[in-house]
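Contents: one structure, followed by commentary.
The values are calculated or read from the model by the stated rules, or taken from the named source; none is laboratory data. Quick caveat, the model's predicted, so the values are computed rather than measured. Don't worry about glycine lacking a Cβ; one is built from the backbone with ideal geometry, like all the others, and counts go over all protein chains shown. With ligands, DNA and RNA removed, areas are computed over all heavy atoms of the protein, side chains included. Shrake-Rupley method; radii C 1.70, N 1.55, O 1.52, S 1.80 Å.
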Amino acid sequence: MAHEVQRGTIRARLMGMLAVPLVGLLVLLGFLVTGEFEQYAAANDVTGVIRTSQVTQTLVDGLQRERALTVGVLSNLADDRPELETVRGEVDQARSALAGLLSGADYGRASSSSIAALAQLDDLTVQRAQVDAGRIDRLAAFQYFSDRIATLDHVDVGIEIDLPEPDPTLRRTLMAFLTLNYTKEALASQAAITLGAAATGRFVGDEFTQVVAARSARQITLTEFTRYATTSQRAAVEAAFSSPAAMEMARYEQLALGAADGRKLGFHEEAWWQAAMVVMADLRAAQRSLEEDIHQRTDEIRETTTWELLGLIPLAVLSVGVVIGLVLAASRSIVRPLGGLVAEANDIASRRLPAAVAMAQAGTPDEIPPTTGQPVPVRSGKHASREILSVAEAIDRMQFTAYSLAVEQARLRQNTVDSLANLGRRTQNLLRRQLNFISQLEREEGDPTALANLFELDHLATRLRRNAESLLVLVGETTPRRWSTPLPIADVIRAAVAEVEDYRRVSLRRIDEAFVGGGYVTDVAHLLAELVENGLSFSPPDLDVEIHGRPLGQGYLVAIVDHGIGMTSDDLARANARLRGEERFTVAPTRFLGHYVVGDLARDLGIEVQLVQSPVTGVTARVVLPRAVLAMPAEISA
């Protein structure tokens, strides 16, 4: 047997040593697979954002052209109006295309910023109407379009998308794409302002300042673009700014810069516009090339991630299989004995130990056996390891310790009950002697004042006697006071009222005739006295507690009505549980001891006691005396 146990322990430990590194490998593979999935999802997000940016740039191109043509029309270039109407239609189509794209996909911050930017064009129709009516100058129109274009250009195109494995190439290409957007907008702003100035012959207001600022912004963004772009990407932009159209635009630009003092620009607006549009088209072509580079890079990331996943997933599956195999193998040496141990522990907890404890608590101290219970049989199991045997022994010790505690508690409770019963009987005997002595003094006393004092002392002793009887009821003893003949229910109620402190505030209303059996008179009076005392405690000092009595079927109903503050539904439910004898007095606050006395008496006599809300205010105690407590007419006549 010792060899079997030792082999089972060694086998379990070896499998545990193998399982630890495999579980660590499995966790590492899980992190790697999760990272690859996140990398793949992030690459998809970048692709979607760039698709949104392509549609956005189409809208920006249209707005830039509409801005320039609007400035031209407001500068009295009537020839630009047909082209302006065409461009407006293209802008509307681009707006609809972008709105449709955003409604069908969600790319996080990129979608949110694009929707917000698109919402700023909701008043474009109103702006166009002001332009057509000539109610706005060209500088205000230029500013309107420039603000909307700037918002669209600053839409998040994925720079802040965090790839699990940062890709420097993709990030640099995205930065080059953004800076080229700003370069194109700076050139478009310069072209629009210069077009309006060329139409009127000279710069007005702060137009020249805006032209210089746009030209400076273009140069700054070009420098930024050079930092991030590759050689081929820089070559495309440099070709755009070295074309014949760019050379012609640069010549016109120098003429414009020389008109800072208000002189005429010295070139035709149409020539300037055509040259600027060619350069902007070349820049847009360079943008598309950057977009293609981004798509290509994200495709490469997805492809690489896919191959890595194809390699990691089988390895992860294999690791899971090996770990499962080890767990199944370990179950023979650990799980099976442990399952048997669990079954035995459950049987002890649910059946054997409660039965032993109940037997200990139900018996008297002389009848309680010193020990009980059975050892856990798993200790003799063939495959049980030393650890399992130790757990079984611990459960055995717990079982015997719990039973010993139950026996000790039962003996302690029985001793307490016996002590309380002895104390109650002693107190009751002394009170009976005291009441007899007071009665003798009352018969011999002739002074009315002294006689009244004796009556009050008699009442206090009567209340003390009820408290002593309550103690006997709580510990399960019976009172020695018994009547041999039935008494009218009205006399029983008066006897109950005589045992409460503020008996003058109790009013007996209609009490229909009935008789209580002699053997039940004392207990019924005690029960009613506790309820009357309770009603007086919770009633205002200037209001009476009323008592009504009438037959109810085969029984008799006594209703004790107070006019106090009442009780909540939860408090009523808890109080009625105590009055039905469903709780023990040892778990209750001291102020509820009267409820437990009533509950014990009602349970022993079969009396139904219930507290209900009074019709107006306060609480009514309904006491239904059963037929067994009442006396038959034949018994009364006898």
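Sorting 129-135, 295-301 by average packing, meaning the other beta carbons within 10 Å per residue, from highest down gives 295-301, 129-135.
Surface listing: K184, K264 arranged by accessible area from highest to lowest gives K264, K184, probe 1.4 Å.
What number, in nm² with one decimal, is the all-direction average of the projected area of the convex hull of the alpha-carbon atoms of segment 499-638? The directionally averaged projection comes out at 9.0 nm². Length gained on full extension, E582 to A281: 99.2 nm, using 0.36 nm per residue less the C-alpha separation. For E608, nonlocal amide neighbours, meaning residues 5 or more places apart or on other chains whose placed amide H falls under 5 Å from its own, are V624.
Of all beta bridges that DSSP places with both ends in segment 495-601, some 65 percent have antiparallel geometry. Less than 12 Å from a label point 7 Å out along the Cα-to-Cβ axis of V212: which backbone N atoms in segment 244-262 qualify, by residue? Under 12 Å, as judged by backbone N against the label point of V212, lie 257-262 of segment 244-262. Take 93-103, 489-499, 59-69, 545-555 and order them by the average number of nearby Cβ atoms within 10 Å per residue, most first; the result is 59-69, 489-499, 545-555, 93-103. Residues L389, L527 ordered from highest to lowest accessible area at a 1.4 Å probe: L389, L527.
Straightening the chain between T223 and Q143 buys 26.3 nm, computed as 0.36 nm per residue apart minus the Cα-Cα spacing.
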